[in-house]
Amino acid sequence: MLVILKDNYDAMSREAALIVVDRLRKKPNLVLGLATGSTPLGLYRELIRMHVDEGLDFSKVVTFNLDEYVGLSPRHDQSYQYFMRENLFKHINIPQQNIHLPDGMAQDIDGFCDWYESEISKAGGIDLQVLGIGPNGHIAFNEPGSSLGSRTRIKTLTENTMRTNARFFKDILEVPKYAITMGVGTIMDSRELLLLANGAGKADAIRAAVEGPLTGQCPASIIQLHRKTFVILDREAGCKLSGSYPGTWRSSFLLDR
Ligand code: GLP
């Protein structure tokens, strides 16, 4: 695991974009795992900027998103389908058929989850998975207590997550109680992980994930077992780490490893 502390959100986002773009240039048909939430928005803005200004090409990229609320149609403005379309996909040249998100309206959820796993395998597995982290240490919607070997499945959201995500809905009662999420094991199969976190509200979760014991109570702590993980943080999210971590690594160093 390589933990990189940056001064602020924009610097964190640019650093993350450098890694994604490097991988994309080396492999134009990159299989890219994507996340929703406020954290990766700066990364997506930077990717869009590079597409518009520098012609960064997404025409062969294949994407798989981590999760989706159960019961929200793709047209609902809080569905993750909608989020991805508005914040990334409609601004870049990725073909629609290369985009995969869990289907929150699936009738046969278990069947859908098996199909999603098989599509990831058929694509050759995920090369680089972008991750955020919940204040409770969840990754995707793998809530505390999740099995560390889990695959894509339906999960019940904790009260804590529903409260945290209520900020995007008119009322907490509108927050879906269930989600389809890649499992911890699915995420761990990705060749590289890129975990991003910013803000003081993530400091405890980051400390638990990076330096705490490996436990299903903090699903993000599984990254300690991953072979190639980048954790990119702003100062606030990294402020409770006790180890000493590089603050100003030259990106070329990162990319050469
Ligand atoms: C959500 C998503 C996660 C995301 C996390 C953090 O509930 N399911 O994939 O990483 O919570 O969200 P944010 O980036 O808005 O803090």
(message) Against the conditions (1) more than 21 Å from residue 131 (Cβ to Cβ); (2) open to solvent by 40 Å² or more (accessible area, probe 1.4 Å); (3) more than 16 Å from the ligand (Cβ to nearest atom); (4) touching a residue at least 24 places away in the same chain (Cβ under 8 Å), where does residue 112 fall short? Just the number, please.
(response) (2)
(request) State all residues of the stretch 202-232 that are closer than 20 Å to residue 16 by Cα, within 14 Å of the ligand (Cβ to nearest atom) and either among the basic types (Lys, Arg) or over 14 Å from the mean Cα position of the chain (by Cα) (or both); if no residue qualifies, say none. (result) 202, 203, 205, 206, 209
(request) Kindly provide the set of residues from the stretch 51-82 that are more than 16 Å from the ligand (Cβ to nearest atom) and either touching a Pro at 6+ places or on another chain (Cβ under 7 Å) or open to solvent by 20 Å² or more (accessible area, probe 1.4 Å) (or both), ordered by number. (result) 51, 52, 53, 54, 55, 57, 59, 60, 62, 73, 74, 75
(message) Condition first: in contact with a His (Cβ under 8 Å, 6 or more places away or on another chain) and small (Gly, Ala, Ser). Now tell me which residues in the stretch 142-189 satisfy that.
(response) 146
(request) From the list 131, 157, pick out the single residue that is without any contact (Cβ under 8 Å) to a residue 40 or more places away in the chain, within 15 Å of the ligand (Cβ to nearest atom) and open to solvent by less than 50 Å² (accessible area, probe 1.4 Å). (result) 157
(message) Show the residue pairs meeting these rules: Cβ distance below 7 Å; 6+ apart or different chains; first residue within the stretch 229-241 and among the polar types (S, T, N, Q); second residue crowded, with 21+ Cβ neighbours inside 10 Å.
(response) 229/193; 229/195; 229/223
(request) Can you tell me which residue within the stretch 134-154, out of those that are over 27 Å from residue 107 (Cα atoms) and out of contact with any strand residue (DSSP E or B) (no Cβ under 7 Å at 6 or more places or on another chain), is surrounded by the most Cβ atoms within 10 Å (Cβ to Cβ)? (result) 134
(request) Would you confirm whether any residue within the stretch 184-192 is among the hydroxyl-bearing types (Ser, Thr, Tyr), farther than 21 Å from residue 83 by Cβ and crowded, with 18+ Cβ neighbours inside 10 Å? (result) no
(message) Return the residues of the stretch 109-145 that are among the hydroxyl-bearing types (Ser, Thr, Tyr) and under 17 Å from the mean Cα position of the chain (by Cα); say none if nothing qualifies.
(response) 116
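The values are calculated or read from the model by the stated rules, or taken from the named source; none is laboratory data. Given the structure is predicted, the values throughout are model-derived calculations rather than measurements. Positions of Cβ are generated from backbone atoms using ideal geometry, with glycine treated the same way; all protein chains shown enter the neighbour counts. All accessible areas refer to the heavy atoms of the entire protein, side chains included, with ligands and DNA or RNA removed. Shrake-Rupley method; radii C 1.70, N 1.55, O 1.52, S 1.80 Å.
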